Amino acid sequence: MKVRLGYVAIPITLQDKSYFHTLTFTQYEHLSCLERKEKLDQILRYNLDTFYRTLQYNKQNDIFFYRFSHNIVPLATHPKVSFDYIKEYAPIWGKIGDYIRHNGMRVDSHPDQYCVLNSTNEEVVKSSIQILKTIDQMYQTMNIKSFMVLHVGSSYPTKEEAKDRFLQNFKALPKRIQKEIILENDDRVFHTLDVLEICEELGIPMVLDVHHEFCHSSPIPLKDLLPRIFSTWKSVGMNPKIHFSSPKSRQEKRSHHTYINYKSFCKCLELLKTVRQDVDIMLECKGKDEALFRLVRQLRFHKNGEFCNQTTFYIS
């Protein structure tokens with residue numbers, strides 16, 4: 001069984017490129033028309049360069065599983081901002097996509113908390129759909145096969161009604177975007193079984209978040225659900241994806257720790273071994289690449305796993 005590790009956002013190691021630059025609408029409003037275009041152009045070019053350099057860093061360190069932020073494009077979905085972030089920059093997007101494909105990388109995105117497809121507010125739903133279309137346009141311009149990780153959303157006024165709203169709004173999306181969406185269990189409302197049943201109904205993959213399962217457990221043991229969860233990935237021809245993180249503390253169990261708890265991670269590996277399926281594990285922790293390599297050092301020292309590169313190993 002092969003396990004590939006990945007991380008989220010900009011690596012801590014690249015100190016000079018720590019974050020994607022951004023621009024608030026308030027700042028945007030105070031600029032002249034010419035200044036607005038120049039500022040957006042400056043930020044986007046910087047962010048695309050940061051994205052490319054991050055991918056180069058990942059390759060040099062054998063990291064082939066990565067999540068980037070869709071906020072790479074400032075104000076891309078704001079209704080009062082008109083800025084073509086695709087046409088003029090297509091060669092740069094294409095260069096990034098070529099690099100991803102040439103190096104066999106798996107790159108995806110996870111829209112933030114403002115993307116709520118089952119909201120009762122029509123404006124929020126419209127905004128959420130625009131976010132999805134924006135990410136899809138990035139994928140198409142890069143010419144990569146990728147996914148967007150979503151939560152089902154709110155439970156208002158009842159969980160069943162909220163689920164029905166999600167299904168209705170999902171089915172109204174363009175078919176291409178439907179195929180790019182994968183669902184994740186959350187830590188408060190829709191637990192693992194809830195999300196699994198929705199994914200099976202829609203015929204889309206499910207991302208198991210182990211930390212969320214710990215915070216908001218399904219009524220059925222995870223060991224019994226794993227074969228079904230992994231089966232949702234068969235139609236897309238890719239390894240199942242898992243999110244793993246450790247709680248910040250007992251009091252703040254929903255918050256992510258800077259690093260990964262090694263013992264908890266090993267328990268997860270033992271659980272995964274019952275299914276015997278290659279898997280990609282996204283580490284969601286504040287330590288990012290440093291946390292990934294800290295875990296790798298622990299695995300190399302304590303476990304009898306066979307590493308085929310710096311971030312991928314086999315367990316038996």
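One residue stands out among those in the stretch 148-164 that are open to solvent by 10 Å² or more (accessible area, probe 1.4 Å) and part of a loop (DSSP other than H, G, I, E, B): the one that is farthest from GLU184 (Cα to Cα), which is PRO157.
Would a scan of the stretch 67-81 turn up a residue that is in contact with a Leu (Cβ under 9 Å, 6 or more places away or on another chain), open to solvent by 50 Å² or more (accessible area, probe 1.4 Å) and more than 29 Å from ASN239 (Cα to Cα)? Scanning the stretch 67-81 turns up no residue that is in contact with a Leu (Cβ under 9 Å, 6 or more places away or on another chain), open to solvent by 50 Å² or more (accessible area, probe 1.4 Å) and more than 29 Å from ASN239 (Cα to Cα). Entry remark, the stretch 236-260: residues being in contact with a His (Cβ under 6 Å, 6 or more places away or on another chain) and among the small types (Gly, Ala, Ser) number 2 in total. Being surrounded by fewer than 16 Cβ atoms within 10 Å (Cβ to Cβ), within 24 Å of SER154 (Cβ to Cβ), free of Cβ contacts under 8 Å to residues at least 40 places away in the same chain and basic (Lys, Arg) is a property that LYS126 has.
Let's see how each residue does on (1) in a helix (DSSP H, G or I); (2) closer than 21 Å to LEU183 by Cβ; (3) of a type in the set (Lys, Arg); (4) free of Cβ contacts under 8 Å to residues at least 40 places away in the same chain:
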site	(1), (2), (3), (4)
TRP93	yes, no, no, no
GLY97	yes, no, no, no
GLN113	no, yes, no, yes
GLN130	yes, yes, no, no
LYS133	yes, yes, yes, no
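In the stretch 245-265, the residues that are over 18 Å from GLU290 (Cβ atoms) and of a type in the set (Lys, Arg) reach residues that are assigned to a helix (DSSP H, G or I) and open to solvent by less than 50 Å² (accessible area, probe 1.4 Å) with C-beta atoms within less than 7 angstrom, at least six apart or across chains, in these pairs: LYS253/CYS215; ARG254/CYS215.
Counting only helices (runs of 4 or more DSSP H) that sit wholly inside the stretch 206-316, those with at least 3 residues that are surrounded by 14 or more Cβ atoms within 10 Å (Cβ to Cβ), of a type outside the set (A, V, I, L, M) and under 20 Å from the mean Cα position of the chain (by Cα) are 210-215, 288-302. Considering the stretch 82-112, the residues that are among the charged types (D, E, K, R) and surrounded by fewer than 18 Cβ atoms within 10 Å (Cβ to Cβ) include one that is modelled with the lowest pLDDT, namely ASP112.
Residue-wise test of (1) under 30 Å from PHE265 (Cα atoms); (2) in contact with a His (Cβ under 9 Å, 6 or more places away or on another chain); (3) touching a residue at least 40 places away in the same chain (Cβ under 8 Å).
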| position | (1), (2), (3) |
| --- | --- |
| LYS2 | yes, no, yes |
| ILE10 | yes, no, yes |
| GLU38 | no, no, no |
| ARG45 | no, no, yes |
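Within the stretch 189-203, being open to solvent by less than 10 Å² (accessible area, probe 1.4 Å) and either hydrophobic (A, V, I, L, M, F, W, C) or part of a loop (DSSP other than H, G, I, E, B) (or both) holds for PHE190, VAL195, LEU196, ILE198, CYS199.
In the condition set (1) open to solvent by 40 Å² or more (accessible area, probe 1.4 Å); (2) assigned to a helix (DSSP H, G or I); (3) among the β-branched types (Val, Ile, Thr), THR54 is compliant with all but (1).
The values are calculated or read from the model by the stated rules, or taken from the named source; none is laboratory data. Source: prediction; values computed, not measured. Cβ: placed from backbone, ideal geometry, glycine included. Neighbour counts: every protein chain shown. Side chains included, ligands, DNA and RNA excluded: accessible areas come from the protein's heavy atoms. Shrake-Rupley method; radii C 1.70, N 1.55, O 1.52, S 1.80 Å.
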